[in-house]
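Presented below is the structure to which this report refers.
The values are calculated or read from the model by the stated rules, or taken from the named source; none is laboratory data. Predicted model only: the values in this text are computed from it and were never measured. Note: ideal-geometry Cβ built from the backbone for every residue, glycine included; neighbour counts use all protein chains shown. Side chains are part of the model used for accessible areas, which takes the heavy atoms of the whole protein and leaves out ligands, DNA and RNA. Shrake-Rupley method; radii C 1.70, N 1.55, O 1.52, S 1.80 Å.
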Amino acid sequence: MNIDKIVSLCKRRGFVFQSSEIYGGFKAVYDYGPLGVALKNNISKIWWEAMTQFHENIVGLDSAIFMHPKIWEASGHVGGFNDPLVDCKQCNARYKSDELSSDENSKVLWSEIQCPKCGTKGNLTEPRQFNLMFKTDVGSVADDSDIAYLRPETAQGIYVNYLMVQNTMRLKIPFGIAQIGKAFRNEIVARNFIFRTREFEQMEMQYFVNPKNDDEALQEWKAKRLDFYSELGINRKRIRFQKHGKKDLAHYAKEAWDIEYEFPFGWSEIEGIHNRTDYDLSQHQKFSGKKMDYFDQQNNQRFLPYIIETSAGLNRMMLAVLSDSYWEDVENDRVVMKLDPKIAPVLAVVCPLVKKDGLPEIGRNIMSILKKEFKVIYDQQGSIGKRYYRQDEAGTPFGITVDHQSLDDQSVTLRHRDTQHQDRVSIDQLVKAIKNKLENFHE
Ligand code: GAP
């Protein structure tokens, strides 16, 4: 399957739009339409609950995007968050050097490599380091202003707040702090739709452990995070782990694993699970001059905890969900987004068969009953077949049709998105019938 099919469905149905489209778009930035924001919120809600509701020792945080600039020096991002870049002097195209040469030694003859865009040779520059952080000035007077960075990861906000969170919530190690928020990277090569963008959302959980227990905690979180993808309804066969080799390890990591999904463009990372050791806390201790160690009352010991990080991209997770759900039902000439009902933007559409004869009134009454329990929408535009197919593409699990029989016996049809099977259900039993069907939706 080609990613373009997902891109066009996302636009057609209001999941994702190119940012600033009326101005020709803004590269590698996307807006989320009514269905997209609902899907994204549903996914992040499940993640948030999986972390902060199902674990008594994990609490939430919402730290600011702007932080003291020294934080990014301490974390290593000012000095080391770079991509090596090569420019074509002929056509101004820009590449990450590893896109054009997989040769790891630095003796690549760039003058001999052809520019993939204009096809000329001899015009590529030598690679130069390019920092991925967005930099801006803060302050009303230019001279007084301080440099500020848009955070490239949400993690640092957790590290610098960890002792306050631990104290206020009286947490004992091991404990975790979870955060969902925007992150920004000036990606050079932004491609594959919402997979790699310049503005994105991360869902990160930092788990603070005794250094003696780091390996065990990493294993525990690998297993938990893998299970999470089944929760979202993603096919287990399209999920795998990839271990980082020594040369790919980030500067802070002792061990790192990616959770990859088999996207239409190949296996790619959606989440990283890292043993960051005490790297970040010791750096902040050094740069801020403040003690960052944890006091273990029971053993009367002070130490810098090790951190096991689970770091997922919400937008990538959504793209994985969309790719996994996309189904061309050739037999019935329709496209269906087989979204798990837990995350579907809309649970049911209510459709009066015609716009007259009292059917819309019954439809509206059903809406008022169902909206107390589920996200439902009302649609009376176009033929019933077209209305259903629109909702199949939107991933709406149920269709409810009010027809002339409804006038006689107060019953409606309840249609299952994937099988198109319809049951006759009395209106006063509709909530119960939907709840029953949700329990065995995939059978
Ligand atoms: N705190 C660790 C960290 O940020 P990372 O592997 O650089 O680690 C974690 O990023 C996750 O954030 C990735 O697995 C991915 O899902 C998401 N992510 C990173 N860069 C992204 C980008 N440019 N666009 C969309 N998602 C991105």
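Okay, here's what the table says:
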item: Counted residues, segment 382-400 - those being over 32 Å from the mean Cα position of the chain (by Cα) and either of a type in the set (D, E, K, R) or buried (at least 18 other Cβ atoms within 10 Å of the Cβ) (or both); result: 1
item: Hits in segment 401-436 (condition: within 35 Å of the chain's Cα centre (by Cα) and open to solvent by 60 Å² or more (accessible area, probe 1.4 Å)); result: T419, H421, Q422, K432, K435, N436
item: Count of segment 386-430 residues which are within 30 Å of S323 (Cα to Cα), touching a residue at least 12 places away in the same chain (Cβ under 8 Å) and not in a strand (DSSP E or B); result: 14
item: From the options A223, A253, residue that is farther than 30 Å from K5 by Cα and surrounded by 15 or more Cβ atoms within 10 Å (Cβ to Cβ); result: A253
item: Those residues of segment 144-170 which are assigned to a helix (DSSP H, G or I), among the hydrophobic types (A, V, I, L, M, F, W, C) and either more than 26 Å from M133 (Cα to Cα) or away from the ligand (no atom under 15 Å from the Cβ) (or both), in sequence order; result: L163, M164, V165, M169
item: Unique residue being at pLDDT 95 or above and within 16 Å of the ligand (Cβ to nearest atom) when the list is V335, V346, V321; result: V321
item: Verdict on Q129 being part of a strand (DSSP E or B), within 14 Å of the ligand (Cβ to nearest atom) and under 24 Å from H244 (Cα atoms); result: no
item: Yes/no for I194 being aliphatic (A, V, I, L, M), within 10 Å of the ligand (Cβ to nearest atom) and open to solvent by less than 10 Å² (accessible area, probe 1.4 Å); result: yes
item: Set I71, I65, I113, I58: member being within 30 Å of K342 (Cβ to Cβ), of a type in the set (V, I, T) and open to solvent by 20 Å² or more (accessible area, probe 1.4 Å); result: I65
item: Qualifying residues in segment 256-278 (those that are surrounded by 19 or more Cβ atoms within 10 Å (Cβ to Cβ) and part of a loop (DSSP other than H, G, I, E, B)) - the one nearest to the ligand (Cβ to nearest atom); result: R276
